[in-house]
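Asks: This is the structure I want to talk about, given as C-alpha cells.
None of the figures in this text is laboratory data; all of them are computed from the coordinates on show. Owing to the predicted nature of the structure, the values given are computational and were not obtained by experimental measurement. Every residue, glycine as well, gets a Cβ built from its backbone with ideal geometry; the counts of neighbours run over all protein chains shown.
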Amino acid sequence: PKRVRISYLQQLKDSGGKFAMLTAYDQYTAAIFDEAGIETLLIGDSAANNVMGHETTLPITLDEMIVFAKSVSSGANRALIVCDLPFGSYEVSPAQAIASSVRLMKEAGVQAVKMEGGAHYADHVRSMTAAGIPVMAHIGFTPQSEHALGGYKVQGRGDAAQAVVDDAVALTEAGAFCVLMEMVPAEVAAAVDAAVPVPTIGIGAGSATTGQVLVWQDMAGLGAGKAPRFVKTYADLRTVLSTAAREFADEVRTGVFPGPEHSF
Ligand code: KIV
Ligand code: NA
C-alpha cells in the first residue's frame, strides 16, 4: 500500500476531510492499526507512562524512543509515522533538535517528528524544516511542561485563547506541516484550525480539527482506573487479557493444558 504523506493530510484539510491518529509503541499494534486504516501513527513519549510505567513523560530518553520507533516502523507500511522528540532532546538549540530528529528519521525510519512548545520554538521549526524534517507542532497542554504548568490543566481559557492561536500561526509560518492541540477549549481549537492553512489534530480539543488522536491503550481500555474526559473507550482489552490469563493459569493447574494436540 502507498504510504500516507503529509500532502495527503493537507488534501484532507483542504477538502474538509478528517483523519485518525493513534499512538503505537510496538510492531503488533502498529500493524493492526495500519491495516485498520489509521492514517497516522505516533510514537508518543507517552510510552514513558503507558509502556515503561513512569509517572510523567519526562524520563524517557531519545535512545529509548528510537527502540519503540524502530518497532513501529517495522510493523506499519501505509500510515505516516510520526515520533515525539522527548524532553531534553531539542530545547537547547535548533541544532540539537535537528540532530535528534535526524537520528529518529535515519535510525528508526520515522517520517516526521512532533515537538512540544509554542511560538518561542519558531526558530527551531524553521531550521528543522530547512533541513528537510517535517515538524508537527504540539501546543495547548504540553505534558513535558507539566511541572511548569502546574499539572494537567486545560490551556487557552479566556484571555489565554489568543496566545494559543498566535503559537499556531507562528509555528505554521515557520514551516510546521500540522498543529496538534491538547486540552484546549473546543472553540479555541476551532479558531486555530481556521487561522492556519495546515491540518490540525486534537486530543481533548473538540471536533473542529482535521484529525483526532488518542493513546491506544486508552482507546482500547487496557489501563486500570478512570480514563480522562477526552478519551472514548472502544474496547475492553484489560478484561479480555485478564480473562485469557486466568483461563490459561486454570488450565495449567488442572492439567487441561497442554492437551495431546499441543504436544510432540
Ligand atoms: O505522547 C503522546 O501520546 C502524545 C499524544 C497524546 C498527542 O503526544
Ligand atoms: Na507526547
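Asks: State which stretch of the chain is the longest one without any exposed trypsin sites (Lys or Arg not before Pro), exposure meaning a DSSP loop state and at most 12 other Cβ atoms within 10 Å. Walk me through the numbers on the way to the answer.
Replies: On the way: sites that count: 2, 3, 153, 157, 226, 229, 232.
Longest run free of exposed loop sites: 4-152.
Asks: Looking at the chain as a GNM with Cα springs under 10 Å, which of 236, 193, 84 has the largest mean-square fluctuation?
Replies: Greatest mean-square fluctuation among the candidates belongs to 236.
Asks: Please work out whether region 205-249 counts as rounded, prolate or oblate from its C-alpha gyration tensor, where a ≥ b ≥ c are the square roots of the eigenvalues and a/c under 1.5 means rounded, while otherwise a/b larger than b/c means prolate and anything else oblate?
Replies: Details: a/c = 4.70, a/b = 2.94, b/c = 1.60.
Cα axes put region 205-249 in the prolate bin.
Asks: I've got another one for you. As a test of the formula, what do you get for the chain when each DSSP H run with n ≥ 4 contributes -39,500 (n - 2.57) and the sum is divided by the residue count, at 222 nm and rounded to the nearest 500 deg cm²/dmol?
Replies: On the way: 11 runs with 109 residues, N = 264.
Result for the chain, helices only: -12000 deg cm²/dmol.
Asks: May I ask for the distance between the Cα centers of region 13-30 and region 38-61, given as a whole number of Å?
Replies: If we compute the Cα centre of each part, the gap is 16 Å.
Asks: Something else now. Find, among the chymotrypsin sites (Phe, Trp or Tyr not before Pro) in region 120-155, those assigned to loop by DSSP (not H, G, I, E, B) with at most 14 other beta-carbon atoms within 10 angstrom. Don't skip to the answer; put the middle values down first.
Replies: Working: sites: 121, 141, 152; in loops: 141, 152.
The qualifying sites are 152.
Asks: When the chain is modelled as a GNM with alpha-carbon springs shorter than 10 Å, which of 221, 150, 44 fluctuates the most?
Replies: 150
Asks: Okay, moving on. Over the Cα atoms of region 183-262, what Rg and Dmax result, in angstrom?
Replies: Over region 183-262's Cα set, Rg and Dmax evaluate to 20.8, 66 Å.
Asks: Return 203, 66, 43 ranked ascending by Cβ neighbour count within 10 Å, so the fewest neighbours appear first. Can you show the working numbers first?
Replies: Working: 203 24, 66 19, 43 29.
By the 10 Å Cβ count, ascending: 66, 203, 43.
Asks: Of 93, 194, 118, whose Cα points farthest to the positive end of the dipole of region 6-233 (charges on the beta-carbon: +1 Lys, Arg; -1 Asp, Glu; origin at the Cα centre)?
Replies: Result: 194.
Asks: For the chain, what does the relative contact order come out to in percent, with C-alpha contacts under 8 Å and a separation of six or more? Can you show the working numbers first?
Replies: On the way: 500 pairs, mean separation 40.2, N = 264.
Taking the mean separation of contacting Cα pairs over the length of the chain, I get 15 percent.
Asks: Expected output is a single nm value to one decimal: the length gained when fully extending between residue 130 and residue 8, i.e. 0.36 nm times separation in residues minus the C-alpha distance. What is it? Walk me through the numbers on the way to the answer.
Replies: Values: separation 122, 0.36 × 122 = 43.92 nm, distance 2.07 nm.
Gain on extension, residue 130 to residue 8, equals 41.9 nm.
Asks: Can you compute the radius of gyration and Dmax for region 140-234, using only the Cα atoms, both in Å?
Replies: Calculated on Cα positions, Rg and Dmax stand at 13.6, 41 Å.
Asks: Scan the chain and note any complete DSSP helix (H) whose C-alpha atoms cover at least 15 Å along its axis and whose Kyte-Doolittle average is -1.0 or more. If you can, show how the numbers build up before the last one.
Replies: On the way: long enough: 62-75 (20 Å, 0.68); 94-107 (19 Å, 0.09); 161-173 (19 Å, 0.68); 237-254 (25 Å, -0.15).
Qualifying helices: 62-75, 94-107, 161-173, 237-254.
Asks: Restricting everything to alpha-carbon atoms, can you work out Rg to Rh for region 1-81 with a Kirkwood hydrodynamic radius?
Replies: That ratio is 1.03, to two decimals.
Asks: I would also like to ask the following. Taking a cut-off of 20 Å between Cα atoms, list the lysines near residue 153, but don't count ones fewer than 8 places away on the same chain.
Replies: Cα-Cα hits under 20 Å: 226, 232.
Asks: Where Lys and Arg each count +1 and Asp and Glu each count -1, what net charge lies around residue 23 among other residues with Cβ under 12 Å from its Cβ? Intermediate results must be reported in sequence, preceding the final value.
Replies: Numbers: positive: 114; negative: 26, 45, 84, 218.
So the environment of residue 23 carries a net charge of -3.
Asks: If the elastic network links every pair of Cα atoms under 10 Å, which of 108, 227, 191 fluctuates the most in the Gaussian network model of the chain?
Replies: 227
Asks: For the chain, what size does the Cα cloud have along each of its three principal axes, sorted from largest down, in whole Å?
Replies: So the three principal-axis extents are 66, 39, 38 Å.
Asks: In what sequence do 52, 21, 181 fall when counting other Cβ within 10 Å, fewest first?
Replies: So the ranking, lowest neighbour count to highest, is 52, 21, 181.
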